[in-house]
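**Student:** Starting off with a structure, shown below.
The values are calculated or read from the model by the stated rules, or taken from the named source; none is laboratory data. All of these numbers come straight from a predicted model, not from anything done at the bench. Every residue, glycine as well, gets a Cβ built from its backbone with ideal geometry; the counts of neighbours run over all protein chains shown. The accessibility values were calculated without ligands, DNA or RNA, using every heavy atom of the protein model including side chains. Shrake-Rupley method; radii C 1.70, N 1.55, O 1.52, S 1.80 Å.
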Amino acid sequence: MVVLAQLQDREDVHLQSHIDGAPILSLKGISKSFPGVKALSGVDLDLYPGEVTALVGENGAGKSTIVKILTGIYQPEEGTITVSGEPLNFPTAQDAGKAGVTAIHQETVLFDELTVAENIFIGHAPRGRFGLIDKKTLRRRAKELLDRIGAQIDPDVTLKDLGIANKHLVAIARALSIDAKIVIMDEPTASLSYKEIEETYELVERLKAEGKAILFISHKFDEIFRIADRYTVFRDGEKVGAGKIADVNEQSLVKMMVGRAVDQVFPNRAPDLGEEVLKVVGYSHPTEFEDIGFSLRAGEILGFYGLVGAGRSEFMQALFGITKPSKGAIRIDGKVAVVRSPNEAIHRGIVYVPEDRGKQGAIKGLPIFQNVTLASLSQTSRKGFLKLAQEFEMAREYTQRLDLRAAALDQDIGELSGGNQQKVVIAKWLATKPRVIILDEPTKGIDIGSKAAVHEFMAELAAQGLAVIMVSSEIPEVLGMSDRVIVMREGRIVAEYEGEALTPESLVRAAAGIEEARA
Amino acid sequence: MTVTSLDPQTLGRVLPNRLKSPVRRFLTSWELLLLVVAVMVFITNSFASPYFLDPWNLSDATFNFTEKAMIAFAMGLLIISGEIDLSVASIIALASTAMGAAVQMGADTPTLVLVGLTVGLLCGAFNGFLVTGMGLPSIVVTIGTMSLFRGISYIVLGDKAYTGYPSDFAFFGQGYVGWVISFEMVLFAALAVIFAILLHATNFGRMVYAIGNNPVGSLFSGIRVPRVKFTLFLLTGLMSGVAAICLTSRLGATRPSIAFGWELEVVTMVVLGGVNILGGSGSIPGVVIAAFVMGMVTFGFGLLNVPGIVMSIFIGLLLILVIALPRLVGRYLARRKA
Ligand SMILES: Nc1ncnc2c1ncn2[C@@H]1O[C@H](COP(=O)(O)OP(=O)(O)OP(=O)(O)O)[C@@H](O)[C@H]1O
Ligand SMILES: [Mg+2]
């Protein structure tokens, strides 16, 4: 009874504040510096119960930094945090959890060797007798959480056996395993395809209905306008705007964010297709993909669309020599080629920009310029000896084109914001001057302005005769950039579209298996 | 639809090469701190004993570290790449035993050198194969081969010793190039330069750092990770062979207990030199200074008649300290920021 009354009480308080429109969490004048950059200077941010606040800004604007401050990972140099009217500070992550804040971070911090269930409950596992971890309850609750977000993942599998999208879903489940009043999501949909994205939106709606205050960080404007109630805009570490989403449109939001108007078109291309450079015949793998075959011509941009688990990345990695196919052959320039390692692939002119930036893309611990030149050392060196001046020159050229935001070229790539790390990874592969470039979710986490730069770059390379394969789960990107699109489902090619037949509906239906047609 | 058109004024910013000048970087480096320590040890030693500053004594002092340092250079690269070789001292034992056996069969000095280097290379290749070919963790593999290699020496020699090395063989460990400059000192300096260039100025060195920081990402970047690691094991084996030649020549005899416990001193030297035990960072100049520091401390203890067991306690404490220190400093800085 007492408990019930307390609950009632809490509910009242909550309703009260909702009516008053008082924020449940309020940041005032927060500042945070790193060597060479002021990541945040005196920013304010308010979150309201039962409402979604979208936080937008360019790569490096300070969005993730504020998330880390709210979760006790970083300490601000100035400013105050107020939760439900009470001033607080979060010296550790535990304190933030106790104050009712939970977060899905941009770079998920999970443990590869543990099971999914253990990852979800690490640090707060249900305990049985003698304080031992209660495995059965652990499994059951993990399953419940995974079901709640609509993820079909076995709680007993080891995390390292999951693809990046499923890892991300585990991170979401982990955040929700803490009963929190404030839920922060830092680009939660960046690794997901539309099916999981829809489920994420539903989840947000449910959390909203439960009265949680949600901070939602995203570079995708369609989703911001779909699920957010309020917005806050950061630019170069300062708050430049906030208000109700109903009062703004995409243009005005972009203008606040970038500081100038942006007209929105994909590069105008007149594809001039050359000879066939790559032909794949009957590529198969025991578990991941089956009988993949297509041909690719110079100057062409070929899109690969599909849902999470369709086997696109797995196939691309086999093409790049990471995994061995069980059957099949490839021809490069009409000649049969065997690719047994990434090194051989690169020598044959095939490069792969991986999807998993943190593990496969960025070499954290090495400076930006060394990351850019790592796959092209033969170009920037003489007889095996490094030429630093040439390395800096190459790095400067590419980082400038991609509008990298960093303090200096010798800065550790691990210190960059997520989107800026992605730019460095793309630069690394563009610098190799390949013949065939495979881009796996190339603009993941990249802001609207830089996305244009990447697309422009891709179009320019294609115009110079490079063949491009682009794996993307973003339909506008697939439609806007590709000359032709192959759709994969459950490890097989189920459809191929070009020209008129290439529509959002056709892609989604083929990917979901509603219609199987090879146009 | 998304996305902008690019006009020239939106072209990105031009980034400077460096945030800190190399000079400022050096002023906050581990190497400088070590250099200060080295000077302090030097001064302490010269006060502790009137004999220390004598050129011949100083020259003698270098033998305390030159042989270990040769291995430490290769070990430094190996640890930066994220692997380790604990069998180095046992490789010395095996290489020395092989040379001793060759002497019994009447081998001349060039043959002995060849035998020493070959055994070192073979041992390195064996470690490298088990790690890169079979995918076993190097710490486990080399603890195993540590027992294996020395075990073979014990079987061959029992409690006997090989002696009777040719007189010109003595040059490697006892010879002087001029005045007080020993051959070992010259070899140490030459190897320091070679390894510094290899690690800091070549593509190979860059790959070593990349692998140590992110082996998966390195593979995806086209680096032949297993081949690089195998090469590093070979190099470490080879340098153990070189050290075996110098040490055997200096002692003039081979016992199976030769160089016992050196692997710890070599690893300590590497870590004291600022190489991260978890891989990814470190420098050869750091290892060079660490070699001087450890050599002079050992010599100082010798001058003060400190017993050997104290010395090994000291090495153990030093190893724990230099591994713990970066973390303690990091934690302190984090707390101060809060
Ligand atoms: N540990 C760090 N050391 C140095 N600089 C850092 C560190 N963390 C962040 N920064 C810098 O702070 C700034 C803000 O980074 P933050 O990660 O908050 O950006 P973001 O808005 O999340 O960008 P993105 O959209 O790319 O994720 C960037 O300039 C970044 O380089
Ligand atoms: Mg971020």
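**Student:** Within region A:386-422, how many residues turn out to be more than 12 Å from ligand 1 (Cβ to nearest atom) and of a type in the set (S, T, Y)?
**Tutor:** 2
**Student:** Moving on. So which of B:G274, B:G300 is among the small types (G, A, S), in contact (Cβ under 8 Å) with a residue 24 or more places away in the chain and within 16 Å of B:I323 (Cα to Cα)?
**Tutor:** Working: B:G300 fails: within 16 Å of B:I323 (Cα to Cα).
One residue alone meets the criteria, B:G274.
**Student:** Name the single residue, out of those in region A:412-449 being crowded, with 23+ Cβ neighbours inside 10 Å and of a type in the set (S, T, N, Q), that is nearest to ligand 2 (Cβ to nearest atom).
**Tutor:** A:S417
**Student:** If you go through region A:307-326 one residue at a time, do you hit one that is assigned by TED's automatic domain parsing to the domain that holds A:P342, small (G, A, S) and part of a strand (DSSP E or B)? Give the steps one after another, and end with the answer.
**Tutor:** Step one: list which residues in region A:307-326 are assigned by TED's automatic domain parsing to the domain that holds A:P342, which gives A:307-326.
This time we only want the ones that are small (G, A, S), so: A:309-311, A:313, A:318, A:321, A:326.
Next, only the ones that are part of a strand (DSSP E or B) stay: none.
No, region A:307-326 contains no residue that is assigned by TED's automatic domain parsing to the domain that holds A:P342, small (G, A, S) and part of a strand (DSSP E or B).
**Student:** Sticking with this one: Say whether the condition of being out of contact with any Ser or Thr (no Cβ under 8 Å at 6 or more places or on another chain) and either farther than 30 Å from A:G465 by Cβ or of a type in the set (V, I, T) (or both) is met by at least one residue in region A:290-306.
**Tutor:** Here is the first cut: in region A:290-306, the residues out of contact with any Ser or Thr (no Cβ under 8 Å at 6 or more places or on another chain) are A:293-300.
With either farther than 30 Å from A:G465 by Cβ or of a type in the set (V, I, T) (or both) added as a condition, the list becomes none.
No; the residues of region A:290-306 include none that is out of contact with any Ser or Thr (no Cβ under 8 Å at 6 or more places or on another chain) and either farther than 30 Å from A:G465 by Cβ or of a type in the set (V, I, T) (or both).
**Student:** Quick check on my filter: what residues within region A:26-38 are closer than 15 Å to A:A408 by Cβ and surrounded by 18 or more Cβ atoms within 10 Å (Cβ to Cβ)?
**Tutor:** A:V37
**Student:** Given the conditions (1) away from chain B (no Cβ under 12 Å); (2) in a helix (DSSP H, G or I); (3) open to solvent by 50 Å² or more (accessible area, probe 1.4 Å), report the number of the one that A:Q379 does not fulfil.
**Tutor:** Unmet condition: (1).
**Student:** Okay, moving on. Return a yes/no flag: does region A:183-197 have any residue that is more than 16 Å from ligand 1 (Cβ to nearest atom), touching a residue at least 12 places away in the same chain (Cβ under 8 Å), out of contact with any Ser or Thr (no Cβ under 9 Å at 6 or more places or on another chain) and part of a helix (DSSP H, G or I).
**Tutor:** From region A:183-197, those more than 16 Å from ligand 1 (Cβ to nearest atom) are A:183, A:192-197; that's our starting set.
From what's left, touching a residue at least 12 places away in the same chain (Cβ under 8 Å): A:183, A:192-197.
Still in the list and also out of contact with any Ser or Thr (no Cβ under 9 Å at 6 or more places or on another chain): A:195.
Of the ones still in play, those that are also part of a helix (DSSP H, G or I) are A:195.
There is at least one residue in region A:183-197 that is more than 16 Å from ligand 1 (Cβ to nearest atom), touching a residue at least 12 places away in the same chain (Cβ under 8 Å), out of contact with any Ser or Thr (no Cβ under 9 Å at 6 or more places or on another chain) and part of a helix (DSSP H, G or I).
**Student:** Quick test of your reading of the structure: A:E198 fulfils all but one of (1) under 27 Å from A:V487 (Cα atoms); (2) buried (at least 22 other Cβ atoms within 10 Å of the Cβ); (3) charged (D, E, K, R). Name the failing condition by number.
**Tutor:** With (1) under 27 Å from A:V487 (Cα atoms); (2) buried (at least 22 other Cβ atoms within 10 Å of the Cβ); (3) charged (D, E, K, R) applied to A:E198, the lone miss is (2).
**Student:** What do you reckon, is A:I120 outside the structural domain of A:L159 (by TED's automatic domain parsing) and more than 13 Å from ligand 1 (Cβ to nearest atom)? Write out each step before concluding.
**Tutor:** Details: outside the structural domain of A:L159 (by TED's automatic domain parsing): no; more than 13 Å from ligand 1 (Cβ to nearest atom): yes.
Taking the combined requirement at face value, the residue does not satisfy it.
**Student:** Quickly run through region B:205-222 and pick out the residues that are open to solvent by 10 Å² or more (accessible area, probe 1.4 Å) and more than 7 Å from chain A (Cβ to nearest Cβ).
**Tutor:** Listed by number, the residues that qualify are B:M207, B:G212, B:P215.
**Student:** Condition first: within 9 Å of another protein chain (Cβ to nearest Cβ), over 20 Å from the mean Cα position of the chain (by Cα) and not hydrophobic (A, V, I, L, M, F, W, C). Now tell me which residues in region A:345-357 satisfy that.
**Tutor:** Quick first cut of region A:345-357, residues within 9 Å of another protein chain (Cβ to nearest Cβ) only: A:345-347, A:351-352, A:354, A:356.
Filter again for over 20 Å from the mean Cα position of the chain (by Cα), leaving A:345-347, A:351.
The answer is A:H347, and nothing else.
**Student:** Of the residues that make up region A:312-325, is at least one open to solvent by 50 Å² or more (accessible area, probe 1.4 Å) and in contact with a Leu (Cβ under 7 Å, 6 or more places away or on another chain)?
**Tutor:** Looking through region A:312-325, none of the residues is open to solvent by 50 Å² or more (accessible area, probe 1.4 Å) and in contact with a Leu (Cβ under 7 Å, 6 or more places away or on another chain).
**Student:** Out of the residues in region A:56-86 that are open to solvent by less than 10 Å² (accessible area, probe 1.4 Å) and near ligand 2 (Cβ under 10 Å from one of its atoms), which is nearest to the other protein chains (Cβ to nearest Cβ)?
**Tutor:** My answer is A:N59.
**Student:** Let me ask you something else. Cβ-Cβ distance below 6 Å, separation of 6 or more or different chains: which pairs start in region A:373-402 with a residue that is farther than 22 Å from A:I350 by Cβ and not assigned by TED's automatic domain parsing to the domain that holds A:K423 and end on one that is in a helix (DSSP H, G or I) and aromatic (F, W, Y)?
**Tutor:** That search, which allows pairs on different chains as well, returns nothing.
**Student:** Kindly evaluate B:F292 against the criterion of being part of a loop (DSSP other than H, G, I, E, B), open to solvent by 30 Å² or more (accessible area, probe 1.4 Å) and either out of contact with any Pro (no Cβ under 9 Å at 6 or more places or on another chain) or within 15 Å of B:F65 (Cα to Cα) (or both). Even if it seems obvious, please write down each step before you answer.
**Tutor:** On the way: part of a loop (DSSP other than H, G, I, E, B): no; open to solvent by 30 Å² or more (accessible area, probe 1.4 Å): yes; either out of contact with any Pro (no Cβ under 9 Å at 6 or more places or on another chain) or within 15 Å of B:F65 (Cα to Cα) (or both): yes.
Here the answer is no, as B:F292 does not meet what is asked.
**Student:** Here is a follow-up. Does region A:197-210 contain any residue that is of a type in the set (S, T, N, Q) and in contact with a strand residue (DSSP E or B) (Cβ under 7 Å, 6 or more places away or on another chain)? Write out each step before concluding.
**Tutor:** Residues of region A:197-210 of a type in the set (S, T, N, Q): A:200.
Filter once more, so that each one left must be in contact with a strand residue (DSSP E or B) (Cβ under 7 Å, 6 or more places away or on another chain): none.
Checked region A:197-210: no residue is of a type in the set (S, T, N, Q) and in contact with a strand residue (DSSP E or B) (Cβ under 7 Å, 6 or more places away or on another chain).
**Student:** Next question, about the same structure. Take the conditions β-branched (V, I, T), in contact with a helix residue (DSSP H, G or I) (Cβ under 6 Å, 6 or more places away or on another chain) and not in a helix (DSSP H, G or I) and apply them to B:I84. Does it pass?
**Tutor:** Working: β-branched (V, I, T): yes; in contact with a helix residue (DSSP H, G or I) (Cβ under 6 Å, 6 or more places away or on another chain): yes; not in a helix (DSSP H, G or I): yes.
When the stated conditions are applied, B:I84 passes them.
**Student:** Still on this structure, I have one more. Quick test of your reading of the structure: A:A337 fulfils all but one of (1) more than 9 Å from every other protein chain (Cβ to nearest Cβ); (2) closer than 24 Å to A:I448 by Cα; (3) open to solvent by less than 30 Å² (accessible area, probe 1.4 Å). Name the failing condition by number.
**Tutor:** It is condition (2) that A:A337 fails.
**Student:** Inspect region A:482-504 for any residue being within 11 Å of chain B (Cβ to nearest Cβ) and either at pLDDT below 90 or crowded, with 21+ Cβ neighbours inside 10 Å (or both) and give the result as yes or no. Steps first, answer last, please.
**Tutor:** Of all residues in region A:482-504, those within 11 Å of chain B (Cβ to nearest Cβ) come to none.
Checked region A:482-504: no residue is within 11 Å of chain B (Cβ to nearest Cβ) and either at pLDDT below 90 or crowded, with 21+ Cβ neighbours inside 10 Å (or both).
**Student:** Hey, another quick one. Hand me the list of helices (runs of 4 or more DSSP H) wholly inside region A:86-163 holding 3 or more residues that are over 30 Å from A:N420 (Cα atoms).
**Tutor:** On the way: elements: A:93-98, A:116-121, A:135-148.
In region A:86-163, the matching helices (runs of 4 or more DSSP H) lie at A:116-121, A:135-148.
**Student:** Scanning for something open to solvent by 70 Å² or more (accessible area, probe 1.4 Å) and of a type in the set (A, V, I, L, M), does region B:164-174 turn up at least one residue?
**Tutor:** no
**Student:** Scan region A:169-194 for residues that are under 23 Å from A:V487 (Cα atoms) and either within 16 Å of ligand 2 (Cβ to nearest atom) or within 14 Å of chain B (Cβ to nearest Cβ) (or both) and jot them down.
**Tutor:** Within region A:169-194, A:T189, A:A190, A:S191 meet the criteria.
**Student:** On to the next question. Would you pick out the residues in region B:287-311 that are more than 24 Å from B:L35 (Cβ to Cβ) and at pLDDT 80 or above?
**Tutor:** Step one: of region B:287-311, the residues more than 24 Å from B:L35 (Cβ to Cβ) are B:305-310.
Correct list: B:N305, B:V306, B:P307, B:I309, B:V310.
**Student:** Looking at the structure I just gave you, is A:Q360 open to solvent by 10 Å² or more (accessible area, probe 1.4 Å), touching a helix residue (DSSP H, G or I) at 6+ places or on another chain (Cβ under 7 Å) and within 10 Å of another protein chain (Cβ to nearest Cβ)?
**Tutor:** Details: open to solvent by 10 Å² or more (accessible area, probe 1.4 Å): yes; touching a helix residue (DSSP H, G or I) at 6+ places or on another chain (Cβ under 7 Å): yes; within 10 Å of another protein chain (Cβ to nearest Cβ): yes.
Yes, satisfied.
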